[in-house]
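This report concerns only the one structure given below.
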Amino acid sequence: MTTQPRQWWQSTTVYQIYPRSFADSNGDGIGDIEGIIGKLDYLSDLGIGVIWLSPICASPMRDNGYDISDYQAIAPIFGTLDDFDRLVTEAKARNVGILLDLVVNHTSDQHRWFLESRASRTSRYRDYYVWRDPAPDGGVPNDIQSTFGGPAWTLDPGTGQYWFHQFAPEQPDLNWANPQVRAEIYRMMNWWLERGIAGFRMDVINLIAKEPDRGITADGPKLHDYLRELHRETLAGRDVMTVGESWSATPEGALLYSGRDRAELSMVFQFEHVMQQWHETWGKWQPKPFDLVAFKRVVTRWQTALADDGWNSLFWGNHDLPRAVSKYGDDTTYRVESAKMLATVLHLLRGTPYVYQGEEIGMTNVPFTAISQYRDIETLNMHRLHLEAGLPESDFIVGANANGRDNSRTPMQWSAASHAGFTSGTPWIEANPNYSSINVAAELDDPNSILAHYRRLIALRKQLPIIIEGRYVSWLDEHPEVFAYTRTLGPQSLLVLANFTAREITVDIPTSLRGEWRPLLDAKPNTLHDRATLGPFETITGLAERTL
Ligand code: GLC
Ligand code: CA
């Protein structure tokens, strides 16, 4: 095996900001760029090297910016282009890069291209989008469904054709088969890259090569051709990082995106570990109990498949997912212990870790009780469809509280001041009432806080090459309560042994893991005998001179 030179994005930690909910500088209830600038010292103290910003471009905000109406303008609620340039400069001064969210599977229906496209069948922009004639009965061209519920086709009465949208009707899909569309996108990307950004997170990149006439949405045959062209036209020769979102990615597919000789992307976000926890028919709206064995199987498959080529992204949460500690840990009695355990397990895996805003202080899901408290377009659509299908309202709220996207979109909890110190006005979505005890100010100076633990993990990654390069081996695969793995680099190994339950667990230790482990995160050395007892959500970590 040849060792490749390490890339900077393999040894960094990324922090995701959902700008709308992060910090409001002017009291209008919506987070903004100025608010982010004000928190850069907090972020650089945490030790992160990259900020991924969820979309900040001009948008009617049907999907909170994932519906862009002008790729080269900043949404006024977030600030101006000058503010953005200042953010890039101020971040760079702290060795932090800015990753933009590239949303190019679709635009907003208010984008100039779509307005022109819709105006007539002969518009020179008609082919920028996907238009089809009605079926012979006048209905939709086919039965492809949109992710937010309902058909993926909407009729434009003016021109008598349907437009294609994999998300809301207000998010028409761009037609990537049209070379002019691709050229416009590359031009726009270069414009941002020249402003000094560190790269892009690419929204639903697996969907761009759709071929709706053949029923193909994800992973169309042209997908990798497009990505290689995109790389050639924009990324080649620049030292930037890219991460593509793909809900359909398999480990084999990830090698195509992120293989070192592929000239496509740095890495992808995959979701097998997330979806494997969903209900067969009702998906995330009918929560299933967490199955650790199945979960570990997915993690191990990805760690193993990308051991020699390609690269993993590591994350528990993002703006589309519930809060990590609520989903995988215990957000009441053992909130602090379980949040630390989850952080340790994730940050010591092989790949680039992503921290979603508020995760570093153990923010939890929201206890909303009425649909009127929700803001998310997907949640509101699904609510309507579930009720139409005869499901009781209370069941839907249970599902939304478990897995709905607003769980991660409530205001960042900075302090015990009103609205969590997020805004001096009225926030666009209610703060989680637990902000009076769970907030940054309460954790900042506490060496035992979740925040302090994240700082230690992020710092450790900069000190120990084994965290970046070490080979992953899983242990106790069939154990339903404990996650155990080792990493090995040369003569050294690192051990992680984590209890995923609120109970004390005694576990048989495999022979080769017995013996002495030097302290890694905690102060005490650990000697493992034939059996070990782990307290609720306890994690044992250590380093040893041995090859596993
Ligand atoms: C991605 C985004 C999500 C958005 C969707 C449509 O999945 O993460 O927030 O709604 O794409 O752009
Ligand atoms: Ca604001």
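The values are calculated or read from the model by the stated rules, or taken from the named source; none is laboratory data. Quick caveat, the model's predicted, so the values are computed rather than measured. Cβ: placed from backbone, ideal geometry, glycine included. Neighbour counts: every protein chain shown. Ligands, DNA and RNA are excluded from the accessible area calculation, which covers all protein heavy atoms including side chains. Shrake-Rupley method; radii C 1.70, N 1.55, O 1.52, S 1.80 Å.
Computed with a 1.4 Å probe on the full set of protein chains, the accessible area for V140 sits at about 50 Å².
Projecting the Cα atoms of L489, S146, L81 onto the charge dipole of the chain, computed from C-beta unit charges around the Cα centre, puts L489 farthest toward the positive end. Counting protein heavy atoms only, the chain has 51 percent of its accessible area on carbon and sulfur, 1.4 angstrom probe.
Take each peptide in 233-244, 47-58, 444-455, count the other Cβ atoms within 10 Å of every residue, and average; sorted highest first, the result is 47-58, 233-244, 444-455. Per residue, region 293-380 exposes 26 Å² of accessible surface when a 1.4 Å probe is rolled over the protein heavy atoms with every protein chain present.
Cross-link pairs exceeding 20 Å in C-alpha to C-alpha distance, out of K284/K327; K92/K462; K39/K462; K39/K92, comprise K39/K462. The calculated 222 nm mean residue ellipticity attributable to helices in the chain amounts to -7500 deg cm²/dmol, summing -39500 (n - 2.57) over DSSP H runs of n ≥ 4 and dividing by all residues. Under the combined filter of DSSP loop state and at most 14 neighbouring Cβ atoms within 10 Å, region 1-57 retains these trypsin sites (Lys or Arg not before Pro): R6. Summing Lys and Arg as +1 and Asp and Glu as -1 over all other residues whose Cβ lies under 13 Å from the Cβ of T423 gives a net charge of -4. The relative contact order of region 35-174 comes to 20 percent, based on Cα pairs under 8 Å that sit 6 or more residues apart.
Restricting region 477-530 to trypsin sites (Lys or Arg not before Pro) that sit in a DSSP loop and have at most 14 other Cβ atoms within 10 Å of their own Cβ leaves R503, R514. Where a ≥ b ≥ c are the square roots of the eigenvalues of the C-alpha gyration tensor, would you call region 159-199 rounded, which needs a/c under 1.5, or, failing that, prolate if a/b is larger than b/c, or oblate? It is prolate, given that a/c is not under 1.5 and a/b is the larger ratio. Note on D127 and R518: with the Förster distance fixed at 51 Å, the Cβ-Cβ geometry gives a FRET efficiency of about 0.20. Spin-label model, K462 to Q276: label points 7 Å out along the Cα-to-beta-carbon direction sit 3.3 nm apart.
Under the combined filter of DSSP loop state and at most 16 neighbouring Cβ atoms within 10 Å, region 352-443 retains these trypsin sites (Lys or Arg not before Pro): R375. Accessible surface comparison of K327, K92, K284, K222, probe 1.4 Å, protein chains only, largest first: the order is K92, K222, K327, K284. Rounded to the nearest 20 debye, the dipole size of region 175-293 about its Cα centre is 240 debye, using +1 on the Cβ of Lys and Arg and -1 on the Cβ of Asp and Glu. Remark: spin-label model distance E388-A93 equals 5.3 nm, labels positioned 7 Å along the Cα→Cβ axis. Stretched out straight at 0.36 nm per residue, the stretch from L155 to D82 would grow longer than its current Cα-Cα span by 22.3 nm. Put simply, when 290-297, 345-352 are sorted by average Cβ atoms within 10 angstrom per residue, most first, you get 345-352, 290-297. Taking the charge dipole of the chain about its Cα centre, with +1 at Lys and Arg Cβ atoms and -1 at Asp and Glu Cβ atoms, the residue from Y472, S123, P322 reaching farthest to the positive side is Y472. First obtain the Kirkwood hydrodynamic radius of region 204-255 from its Cα pairs, then insert it into the Stokes-Einstein equation at 25 °C and 0.890 mPa s, and state the resulting D in µm² per second as a whole number. In µm²/s, the coefficient rounds to 205. Shown is the FRET efficiency for S436 and D239, computed with R0 = 41 Å from the Cβ-Cβ distance and rounded to the nearest 0.05: 0.40. The length gained on full extension between N142 and E116, counted as 0.36 nm times the residue separation minus their Cα-Cα distance, comes to 6.9 nm. Gyration tensor over the Cα atoms of the chain: the corresponding equivalent ellipsoid has semi-axes (square roots of 5 times the eigenvalues, largest first) of 38, 26, 24 Å. Between I371 and E194, the contour length at 0.36 nm per residue exceeds the alpha carbon distance by 59.4 nm.
When S424, S59 are compared by accessible area at a 1.4 angstrom probe, the order from most to least is S424, S59.
Projecting the Cα atoms of P433, L346, T107 onto the dipole axis of the chain, where Lys and Arg carry +1 and Asp and Glu carry -1 at the beta carbon, places L346 farthest toward the positive end.
In terms of its C-alpha gyration tensor, region 162-280 comes out oblate, because a/c is 1.5 or above while a/b does not outweigh b/c. What separates the Cα centres of region 81-157 and region 474-541 is a distance of 48 Å.
The per residue volume of the convex hull around the alpha-carbon atoms of region 408-521 is 170 Å³.
Computed FRET efficiency, Cβ-Cβ of L444 and H224, R0 51 Å: what is it to the nearest 0.05? The formula returns an efficiency of 0.65 here.
Computed with a 1.4 Å probe over protein heavy atoms only, the accessible area of S266 comes to about 10 Å².
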